[in-house]
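Below is one structure; the comments refer to it alone.
The values are calculated or read from the model by the stated rules, or taken from the named source; none is laboratory data. Predicted model only: the values in this text are computed from it and were never measured. Quick reminder, even Gly has a Cβ in these numbers, built from the backbone with ideal geometry, and neighbours come from all protein chains shown. Remember, those area values only see protein heavy atoms, side chains included, never the ligands or the DNA or RNA. Shrake-Rupley method; radii C 1.70, N 1.55, O 1.52, S 1.80 Å.
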Amino acid sequence: MASPYSKELLLTMYRKMYLIRRFEERAGQQYGLGKIAGFCHLYIGQEATAVGAIEAIRPDDYMLSAYRDHGQPLARGSDPGMVMAELFGRGTGYSKGKGGSMHIFDIEHHFYGGYGIVGGQIPLAAGMAFASRYRNEDRVTVCYFGDAAANQGAFHETLNMASKWKLPVIYICENNRYGMGTAVGRTSAVPEMYKRAVAYNMRGEPVDGMDCLKMYETVKDAAEYCRAGKGPVLLEANTYRFRGHSMADPANYRTKQEVEDERKNDPIPKIKDFTLKKKLAKEEEFDAIDEEVKAQVDAAVKFADESPEPSLEELWRDTIVEPGEEDVRPRERVLGMKVKWPSYPSGQELKVTWDLEPREQAEKEDKKAGLAR
């Protein structure tokens with residue numbers, strides 16, 4: 001049976017997942033050498049949740065994440081050297097080294113952070129989706145968060161608003177089974193996160209977050225659903241991190257056997273095996289990708305290590321945006337590249353074309369719920 005996926009798509013998925021894996025392995029190594037300070041949360045094992053979703057949406061769709069945020073920007077096309085430089089705290093990083101590991105931000109590729117506050121990005125994603133609808137765009141917002149963030153109050157408040165206003169946002173809960181070092185079943189009365197969607201009359205479903213193609217199909221369908229104006233979607237990507245919560249975590253709360261068993265479900269060899277079985281690529285092509293990616297990551301580490309630290313004057317810069325001040329375009333600033341920069345209409349050019357709280361609809365819903373007087 002022929003594959004429904006093209007060779008180009010499959011090799012792109014493999015390349016991006018392999019890039020994230022090798023980048024994160026080197027980041028962990030550099031952390032151990034003292035080149036990276038502060039917290040550093042690696043994405044090793046969870047690559048499919050990022051790559052599958054990113055290949056399913058458009059490049060101009062919005063994306064936000066939590067603090068385990070190196071993988072998504074790399075998959076969206078961010079420069080690996082500049083991401084690594086940000087981890088190193090160097091001036092050539094995307095935020096001039098002032099954001100660090102937990103706050104990667106790349107407007108050019110529509111990646112709007114990395115947030116250190118647990119669940120802090122969830123209401124922001126609703127705001128971006130609201131902006132898309134207000135501007136009459138057909139963009140979708142994709143928001144990643146961890147399983148522990150689903151117990152934050154902002155999660156519930158936001159899902160209610162997003163559903164009520166039918167916002168085009170896909171919430172992806174990356175359930176890697178542990179909130180830091182605590183198993184999700186110990187803290188959540190309903191550990192299946194997708195089931196929480198029903199409380200807000202919105203679509204919710206689980207997906208195998210260790211399978212890039214299943215992530216791709218599920219998110220592709222969810223994006224079409226959102227663009228059609230049907231409202232938000234809550235996806236629970238069941239995944240697993242092969243390393244600790246952060247580089248400071250020895251992960252003593254789980255057994256070596258558990259990790260070894262989960263490694264058998266590694267998403268990277270899985271997509272490679274699928275491609276080879278469908279005879280869409282040869283082993284030599286994967287070997288070539290491996291070598292290219294290794295060289296790319298080596299160059300990223302070298303670039304970061306040789307980059308200067310930000311000057312003391314940078315402490316006072318980028319704190320307040322002055323009226324009319326132009327955006328700093330990171331790749332132009334660092335690499336001298338001419339980039340296509342996003343532009344958005346101002347509030348004066350917009351008109352509200354939809355009613356947030358239609359009275360007739362509200363009265364109908366009240367009557368249906370037996371609340372009408």
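Which of VAL140, VAL198, VAL169 ends up with the largest GNM mean-square fluctuation for the chain, with Cα atoms connected below 10 Å?
Of the options given, VAL198 has the highest mean-square fluctuation.
Can you run phi through the Karplus equation (6.51, -1.76, 1.60; θ = phi - 60°) for the range 237-249 and list ³J(HN,Hα) in whole Hz, with x for Gly and Pro?
Using θ = phi - 60°, the values come out as 8, 7, 9, 7, 8, 7, 10, x, 4, 9, 5, 8, 9 Hz.
What accessible area per residue comes out for the range 7-314, rounded to a whole number of Å², with a 1.4 Å probe? Mind showing how you got there, number by number?
Working: 12270 Å² over 308 residues.
Value returned for the range 7-314: 40 Å² of accessible area per residue.
With runs of 4+ DSSP H residues as the only contributors, calculate the mean residue ellipticity of the chain at 222 nm using -39,500 (n - 2.57) per run, divided by the residue total and rounded to the nearest 500.
-13000 deg cm²/dmol
Report the local net charge at MET128: Lys and Arg +1, Asp and Glu -1, summed over other residues whose C-beta lies under 11 Å from its C-beta. The partial results should precede the final answer.
Numbers: positive: ARG133, ARG135, ARG139; negative: ASP61, GLU137.
Local charge sum for MET128: +1.
Return the sequence-ordered ³J(HN,Hα) values of the range 286-294 in whole Hz as given by the Karplus equation 6.51 cos²θ - 1.76 cosθ + 1.60 applied to θ = phi - 60°, using x for Gly and Pro.
Residue by residue, the range 286-294 yields 5, 4, 5, 4, 4, 5, 5, 5, 4 Hz.
Enter the accessible area of GLU285 (Å², nearest 10), with the probe set to 1.4 Å and all protein chains included.
60
Which of the residue pairs LYS220/LYS278; LYS96/LYS166; LYS214/LYS264; LYS195/LYS368; LYS164/LYS220; LYS16/LYS340 have a Cα-Cα distance greater than 29 Å in the structure shown?
Those over the limit are LYS96/LYS166.
Determine which lysines satisfy two conditions relative to LYS279: a Cα distance under 16 Å, and not lying fewer than 8 residues away in the same chain.
Correct list for LYS279: LYS7, LYS270.
Can you compute 3J(HN,Hα) from phi for each residue in the range 141-158, using the Karplus curve 6.51 cos²θ - 1.76 cosθ + 1.60 with θ = phi - 60°, rounded to whole Hz and x for Gly and Pro?
9, 10, 10, 8, 7, x, 4, 5, 5, 5, 9, 7, x, 4, 4, 6, 4, 6
Can you give me the relative contact order of the chain as a percent, contacts being Cα pairs under 8 Å and 6 or more apart? Can you show the working numbers first?
Working: 640 pairs, mean separation 80.7, N = 373.
Over the chain, the number comes to 22 percent.
If I compute solvent accessible area with a 1.4 Å probe over the protein chains, what percent of it on the chain is carbon and sulfur?
52
Enumerate the amide H contacts of ARG203 below 5 Å, restricted to partners 5 or more residues apart or on another chain; note that Pro and chain-start residues carry no placed amide H.
LEU234
Given R₀ = 45 Å, what would the calculated FRET efficiency be for SER343 paired with ASP249, taking r from the Cβ atoms and rounding to 0.05?
Values: r = 42 Å, r/R0 = 0.92.
The pair SER343/ASP249 has a calculated efficiency of 0.60.
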